[in-house]
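Note sheet for the following structure.
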Amino acid sequence: MLLAQTSEGIARVEPDGLLLLDHPASLADFIVGGRLAELDDLRPRKEIGWRQVTVAPPVRRPGKIIIIGLNYRDHAAETGDPLPALPRFHLIPGSAVTAADATVRLPAAAPEHVDYEGELAIVIGRTGRDIRETAAWDFVAGGTVANDISARDVQTGRNPALPMANPALAKGFDGFKPLGPALLTVDELRQHDALPITTEVNGVTRQRSTTAELIFSVPELLAYVSSFLTLEAGDVVLTGTPGGTGVATGRFLRPGDIVSVTVESIGTLTNRIASPGSETPPETAA
């Protein structure tokens, strides 16, 4: 089942638009409560088009966002890093989350080396610690599309305003984690071993791969991360990005750029990049 949180309520995504469901709760309420299966039985109340509503992230404020680094071989190669023997991860704040079609402002402290990273994001649907790989899918609500926007000079410690490398801040600026536009529930997500993923900037393809190229699978990631900390329902795990990032080519994001990340079977996440402190264009205002 493919679901979206809209300004009119929860909707089931259909080939020709959205089917609003008859329930006042949010999609996040069903995710955190482990009740997504109940949405199958809800009565539809209205058919609408995508342009008739504002779409919100599946989870507006995750308790934590886990970022997995260097989880595609071609991305490790383009950055000159060896393949990791174990998953690399760090945490960023839930306040970084924004929605599909939202405008993302470049940070005033670090506007020059901001990069895109198209990714599959896993939304946790059941709280667990020390999760076994064989049971990992039982702790997943579903998958959505993410753009792991990153200020590379902050990440590597080359920003003169900061005294050290700070990956969490580099990826945790306000608006730097667009999520959406929909959630593919785990019963369908786990059937796909090779979801195509692409990132376009101003209509030009910069990244193209599939989730079959992940170094560490989703079950491996959840088992490893949960061996250190509890994964709670509503948390989000970004699974890594393929090659083609701006840090490898020097093609960083600039004001006015349109970035679109597509994960097949889930949807396309599009965001506009704006100057620091610039006003949100009327067409993207919530």
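Rolling a 1.4 angstrom probe over the protein heavy atoms with all chains in place gives region 1-113 an accessible area of 49 Å² per residue.
3J(HN,Hα) along region 122-127, derived from phi through the Karplus expression 6.51 cos²θ - 1.76 cosθ + 1.60 where θ = phi - 60°, amounts to 9, 9, 6, x, 8, 6 Hz, with x in place of Gly and Pro.
Relative contact order of region 1-117: 22 percent, from C-alpha pairs under 8 Å at least 6 residues apart in sequence. Only aspartates and glutamates eight or more places from residue 171 in sequence, or on another chain, were considered; those with a Cα closer than 13 Å are 115, 117, 148, 153. Per-residue extension of 0.36 nm, minus the Cα-Cα distance of residue 42 and residue 164, leaves a gain of 38.8 nm for this segment.
Stretching residue 220 away from residue 74 to a fully extended chain increases their span by 50.6 nm, per 0.36 nm per residue minus the current alpha-carbon distance.
Here the contact order of the chain, divided by its residue count and restricted to Cα pairs under 8 Å and six or more residues apart, works out to 26 percent. Return the FRET efficiency for the residue pair residue 191, residue 134: r is the Cβ-Cβ distance, R0 is 25 Å, and the value is rounded to the nearest 0.05. Efficiency for this residue pair is about 0.90.
Each peptide in 223-236, 144-157, 29-42 receives the mean, over its residues, of other Cβ atoms within 10 Å, and ordering these scores from highest gives 144-157, 223-236, 29-42.
Ordering of 118-131, 256-269, 172-185 by packing is 172-185, 118-131, 256-269, highest average first (other Cβ atoms within 10 Å, averaged per residue).
Remark: region 171-188, residue by residue, has Karplus-estimated 3J(HN,Hα) of 9, x, 4, 3, x, 7, 10, x, 10, x, x, 8, 10, 8, 5, 4, 4, 8 Hz, where x stands for each Gly or Pro and the curve is 6.51 cos²θ - 1.76 cosθ + 1.60 at θ = phi - 60°. Starting from a Cα-only point model with no solvent, please compute log10 I(q)/I(0) by Debye for the chain at q = 0.11, 0.13, 0.14, 0.16 1/Å. Debye curve over Cα of the chain, log10 I(q)/I(0) at q = 0.11, 0.13, 0.14, 0.16 Å⁻¹: -0.59, -0.84, -0.98, -1.29. Each Lys and Arg contributes +1 and each Asp and Glu -1, all at the Cβ; summed about the Cα centre of the chain, the dipole is approximately 580 debye. Each Cα pair under 8 Å and six or more residues apart adds its separation to the average, and for region 150-215 the resulting relative contact order is 19 percent. With the charge dipole of the chain set up from +1 on Lys and Arg Cβ and -1 on Asp and Glu Cβ about the Cα centre, the Cα lying farthest toward the positive end among the listed residues 160, 15, 248 is that of 160.
Length available on full extension from residue 35 to residue 112: 0.36 nm per residue minus the Cα-Cα distance, which gives 23.4 nm. Rounded to whole Å, give me the distance from the Cα center of region 89-163 to that of region 15-83. A separation of 14 Å, based on Cα centres. With a simple spin-label model that places each label point 7 Å from the Cα along the Cα-to-Cβ direction, the separation between residue 26 and residue 60 comes to 0.3 nm.
For the chain, the carbon plus sulfur part of the accessible surface works out to 49%, probe radius 1.4 Å. Between amide H atoms placed 1.01 Å from N, distances below 5 Å from residue 274 occur with 104, 105, 106, 256, all of them 5 or more places distant or on a separate chain.
The values are calculated or read from the model by the stated rules, or taken from the named source; none is laboratory data. For clarity, every value in this text was computed on a predicted model and none was experimentally measured. Cβ: placed from backbone, ideal geometry, glycine included. Neighbour counts: every protein chain shown. Surface accessibility is based on the protein's heavy atoms, side chains included, excluding ligands, DNA and RNA. Shrake-Rupley method; radii C 1.70, N 1.55, O 1.52, S 1.80 Å.
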